[in-house]
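A.B. asks: Got a structure for you, questions after.
The values are calculated or read from the model by the stated rules, or taken from the named source; none is laboratory data. All values derive from a computational prediction rather than experimental measurement. Here Cβ is always computed from backbone atoms with ideal geometry, including for glycine, and neighbour counts include all displayed protein chains. For the accessible areas, the whole protein counts, side chains as well, though only heavy atoms, and no ligand, DNA or RNA atoms are used. Shrake-Rupley method; radii C 1.70, N 1.55, O 1.52, S 1.80 Å.
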Amino acid sequence: MHTIYARINNTSAFLSSCVTALLVAIALSSLAFTADPKGQLAVASIQVHPGNARRYANKKQEFAFVNFNVSAGTHLVMSARAVSHVHACSKPDLSPLFNWNTKQLFLYLSAEYTDKKGVANEVVIWDRIVRRKEDALISTTGRNKYVFRELSASFRNIPPANYSLKYNVMPYVGVLTYGEAARTPQPVAFPELQSLS
Amino acid sequence: MSVVEACPHRLTQSQTLAMQAYLQQVFEGKIDFEGQKKVETLVRTVIIAATIGSFLLGFALQSLRITLGAFSIACVVLYLIVIPPWPMYRRHPVQWLQAKQGKVQ
């Protein structure tokens, strides 16, 4: 500590240890936030249409089109005029997931089914990045953003699929955490092939 | 009379040596033993306090920006206090004994 260089050196060395400790403390503080928000997810309709495989012009490939509602939330709201009229607040509120160490949320909707050979499949068909707490009220009616097809090229005899809305909390410092915000109550069957008119 | 007037082209050897010594003193920034002790204590106290304090402040206000901002400000201020050889770190210069007469050749 006798010269300027020694002081810079010693101070910076101790500083870097303390910065590390601070960041570890911030990362661990995320464990104190145990929010687990739940919403509801309903599949409005599924259609299966034939098409051509992208790479091979002669190969037939079936595509599934899923319309879904990420709708009813956890909070039941009583209507002021008629108490008997209970309707669900139509927004799963993911804002509890935003704490001081949350950078953004990655939401994704996946179809889960086990095929004939017993292989468990999980296909992500929609996603959304939520960057701000104000945008964490999810109320959307959508359809699959990404192509939904089966490896065997056909959805015939594929067992009904469960659909789930999952989230991935991305922190500024620390580990990624995953969770499930909503799930279809019953598995939804794939319909018969429809031809495009 | 300035150096430039007396010798426009180059400095004399003794002037160069004096300047070297001066620059070395400025860039080394030596402080005395008491000052070193003071700096050591100050650094340890302030950095630990800043770490704990900024964490609690940011946690209370739920803002990582406040945590890191407060910590950075504390560190910059600490560096300004601790790095330059301020006079308060040079108040106790080492008192050397007088050189003994007659023994030096």
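A.B. asks: All but one of (1) within 13 Å of the chain's Cα centre (by Cα); (2) exposed (fewer than 10 other Cβ atoms within 10 Å of the Cβ) hold for B:Gly102; which doesn't?
C.D. replies: With respect to (1) within 13 Å of the chain's Cα centre (by Cα); (2) exposed (fewer than 10 other Cβ atoms within 10 Å of the Cβ), B:Gly102 is out only on (1).
A.B. asks: Give just the number: which of (1) open to solvent by 50 Å² or more (accessible area, probe 1.4 Å); (2) closer than 26 Å to A:Gly51 by Cβ; (3) among the polar types (S, T, N, Q) does A:Ser139 not satisfy?
C.D. replies: It is condition (2) that A:Ser139 fails.
A.B. asks: For the range B:64-87, what are the residues that are more than 15 Å from B:Gly53 (Cβ to Cβ), β-branched (Val, Ile, Thr) and at the interface with chain A (Cβ under 8 Å from one of its Cβ atoms)?
C.D. replies: B:Val82, B:Ile83
A.B. asks: Another question, then. Considering only the range A:7-46, state which residues are in contact (Cβ under 8 Å) with a residue 24 or more places away in the chain and among the polar types (S, T, N, Q).
C.D. replies: The answer is A:Ser29, A:Ser30, A:Gln40.
A.B. asks: Looking at A:Ala35, A:Ala27, A:Ala6, A:Ala21, which one is within 22 Å of A:Pro96 (Cα to Cα), among the small types (Gly, Ala, Ser) and over 20 Å from the mean Cα position of the chain (by Cα)?
C.D. replies: Values: A:Ala35 fails: over 20 Å from the mean Cα position of the chain (by Cα); A:Ala6 fails: within 22 Å of A:Pro96 (Cα to Cα); A:Ala21 fails: within 22 Å of A:Pro96 (Cα to Cα).
On inspection, the qualifying residue turns out to be A:Ala27.
A.B. asks: Another question, then. Please work out which one of (1) within 12 Å of another protein chain (Cβ to nearest Cβ); (2) assigned to a loop (DSSP other than H, G, I, E, B) is the condition B:Ala49 fails and give its number.
C.D. replies: It fails just one condition, (2).
A.B. asks: Search the range B:30-46 for residues being more than 14 Å from the chain's Cα centre (by Cα) and either over 26 Å from A:Tyr5 (Cα atoms) or without any contact (Cβ under 8 Å) to a residue 12 or more places away in the chain (or both), and hand back the single one that is nearest to the other protein chains (Cβ to nearest Cβ). Give the steps one after another, and end with the answer.
C.D. replies: Initial filter on the range B:30-46 (more than 14 Å from the chain's Cα centre (by Cα)): B:41, B:44-46.
Among the residues that remain, those that are also either over 26 Å from A:Tyr5 (Cα atoms) or without any contact (Cβ under 8 Å) to a residue 12 or more places away in the chain (or both) are: B:41, B:44-45.
Numbers: B:Thr41: 10, B:Arg44: 7, B:Thr45: 11 Å.
Of everything passing the filter in the range B:30-46, B:Arg44 is nearest to the other protein chains (Cβ to nearest Cβ).
A.B. asks: Mind counting the residues in the range A:157-176 that are over 18 Å from A:Ala111 (Cβ atoms) and either touching a Pro at 6+ places or on another chain (Cβ under 8 Å) or assigned to a loop (DSSP other than H, G, I, E, B) (or both)? Don't jump to the end; show me each part of the working.
C.D. replies: Going residue by residue through the range A:157-176, those that are over 18 Å from A:Ala111 (Cβ atoms) are A:169-176.
Those left that are additionally either touching a Pro at 6+ places or on another chain (Cβ under 8 Å) or assigned to a loop (DSSP other than H, G, I, E, B) (or both): A:172-176.
Total satisfying the criteria: 5.
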